[in-house]
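One structure below.
Read-outs throughout are calculated quantities, based only on the coordinates presented, and are distinct from any laboratory measurement. Computed from a predicted structure; not experimentally measured. Backbone-built Cβ (ideal geometry, glycine too); neighbour counts: all protein chains shown.
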Amino acid sequence: MRRLLIVALLGLFSIPSLAAAQDLALKRVMLSSAGLGYFEYEATVENDATLKLTVPLDQVDDVLKSLVVYDDKGGVGGLSLPGKEPLKQAFKDLPFDDNALLSTEGLLTALKGARVTVSGSRSLSGRIVSLQPEASTSKDGTTLGVRNRVTLLTDSGLQQFVIEDMESLQFDDPAIRAKIAKGLAAIEANRATDARTLELTTKGQGKRAVRVAYIVSVPVWKASYRMTLPADAAAPKAALQGWATIENMSGQDWKGVELTLSSGRPVAFHQALYEAYYVTRPEIPVEVAGRLMPNVDRGGVAAKAMPPPAPAPAAPASIGRQRDMATTAFAAAPPPSVAQSAEQFEATDAATQVTFKFPRPVDVANGRTLSIPILDRQVPAERLALFQADTAARNPLAAIRLTNDGETGLPPGILTLYERDKTNNVSYVGDARLSAFPTGETRLLPYALDEKITIERDPAQSQRIANGTIANGTLRSSLIVRQSMTYRVKGALKDPRKLIVVQNRLAGWTLVKPDAKGIEISEGNYRIPFQLAASNDTQTFEIVQEQTRQQELRLLDGAADQLAVYARETEFDAKTRDVLTKVLQLQQGVAEAQRALGQVDVERKQIVDEQARIRENIGKVPAGSDLQKRYLATLEKQENDLDGLAKKKAEAQKAVDAARESLRAYITQLG
């Protein structure tokens, strides 16, 4: 009964309908490996028109940021859409909220005091005073349900009616009826809370096609590859097939759309354009009589006339589609061949991305995943062994060197490898990771451990002096530090191998062995090739890096043992060695003079220590005793000895100073 009453109540109000707008049809989709999607819609319009487009709520920011209209015979009038919280805003100025429209009793409670007219078993007219729910019971006390009793203030006083018994109810005030109609219309328009409908106006003359496009976030499309290696290990090429996996999570079905995939890394931003932002204003106190608050003057600049506004730009022409696409050539694989793609993508290599366009329109239902081949051709592939010590310490990895000799680059993806045997049976051999692969480049792709080859490593470090010169009293020499890694490799008995060793490239060092020809540098590492013969014999390879370090030694301060080493260094010329020998001799003279001076100090200290002992004992013996006289005689002799040592020390100090001066003078005259 209540549902019928609510329906009858709604039928009393006039609900305005939205202006007629033409829907846009999705025609083109471009998916980027960067997680962005280009969606292009079309509609045929005549003269001025309004186009309608519904998008998910979480995409509105991106649509407002990137939406572009292509109309070569007209212009854009504007874009409008409901606010982010349209229902809340719609009820902001109404005397009730949206919950009040869920039931008749809720609406009557919210509009207490409004005048209504009720018809049914009895007719009443008055203002709503209250609504009271009450339990309804049968004669035997069984609860039948809840009835809602409404009290009205009529011209005859307070009278009541039961909502469940009435036939119709109408609000007498037309303004209230209009507000209820407005609220119901807002609820109807906001029924899809996770989507927003945009209305776009176009201005123009005649019948024409209008395109609307925007960029939004989408799932990243993924590339994956399959390669079948031929039975002949020396074959120069292998069959490569690439697939693209895409998801339609756009919220709508794709029916007959032109599908294009792009691989690149564009710079992309997101901005919350659909949020309402307010500027916080400073609080200013209320002005009272007698109080002045002038603005603070912070200076100014000369006024400059503003240039006239530029004319509005013409609407962009329709999107031009590239026609000169490079179609990849395909070569047949040896039988039994891998099934080729029935419909092949057109690949185009642009400045910053590679695009793949499907040759026919596709259908992808919302929420479905599609995987389709985008590449099918023979590519140069060389088998080899790749040694990466941080991956496997004793065995190299089986790998292939791919060369992209096609006309377009390839996006990154996982590569699954199969291998044929001599009877054309195919087996799985491993997976590899392919990075972004521009045309003309090569990639090393390891896919399995090669246990037929064993590698042992022996690191070593040494250093030697290369040359030396003396200038301004300083010995400048070059020290060559050498780091080597010796590889002892036991190869496969029946299969020759090309071995590539990945060796850390030391910053500031020079590779001196082997010769740099054929060596690559990748991400701070050398890739050094060696050829392994088909033999179980151990083969030895050495990789050597050197660094030259400049050293300086002030001869005046140089340690004797260090100078002795340099004086014997055969890398120095004879003149430099003679100079170092002479400096070493002069240093030895200084050292001998200092030892003599030190000996005087030792002797003096011994006498002083002995005097201290005697003075301590002399006070403990009787005055005038023979022992006291002996102590006094000893002290007198020691004082005489100290006088002699003072003269000897002065002479020793002069000898030290003279030796030092000789050393300094010799070093100074070296220039």
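The table below lists the values:
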read-out: Positive-pole candidate from A350, L580, L370, dipole of the chain, charges at beta carbon; value: L580
read-out: Counted charge near Q241, where neighbours are those whose Cβ lies closer than 13 Å (Asp, Glu -1; Lys, Arg +1); value: +1
read-out: Relative contact order, percent, the chain [alpha-carbon distance under 8 Å, six or more residues apart]; value: 12
read-out: Among (1) 29.0; (2) 25.1; (3) 37.9, the entry that matches Kirkwood radius over Cα pairs in Å as calculated here; value: (3)
read-out: Computed [θ] at 222 nm, helices only, for the chain once each DSSP H run of length n ≥ 4 contributes -39500 (n - 2.57); value: -7000 deg cm²/dmol
read-out: For region 435-483 and region 492-559, distance of Cα centres in Å; value: 4
read-out: Compactness index (Cα Rg / 2.2 N^0.38 Å), region 454-554; value: 1.42
read-out: Estimated FRET transfer efficiency when R0 is 30 angstrom, pair Q638-A560 (beta carbons, to 0.05); value: 0.25
read-out: Check: the chain dipole with +1 on Lys, Arg Cβ and -1 on Asp, Glu Cβ, in debye; value: 680
read-out: Net charge dipole size for region 2-216 [Lys, Arg +1 and Asp, Glu -1 on Cβ; Debye, nearest 20]; value: 160
read-out: Projected area averaged over orientations for region 561-669, convex hull of C-alpha atoms, nm²; value: 8.9
read-out: Selection from Y487, T151, P133 lying farthest towards where the dipole of the chain points positive, charges on Cβ; value: Y487
read-out: Dipole magnitude of region 460-542, debye to nearest 20 (Cβ charges: Lys/Arg +1, Asp/Glu -1, about Cα centre); value: 80
read-out: For the chain, with +1 on Lys and Arg beta carbons and -1 on Asp and Glu, the positive-most of V60, A559, P496 along the dipole; value: A559
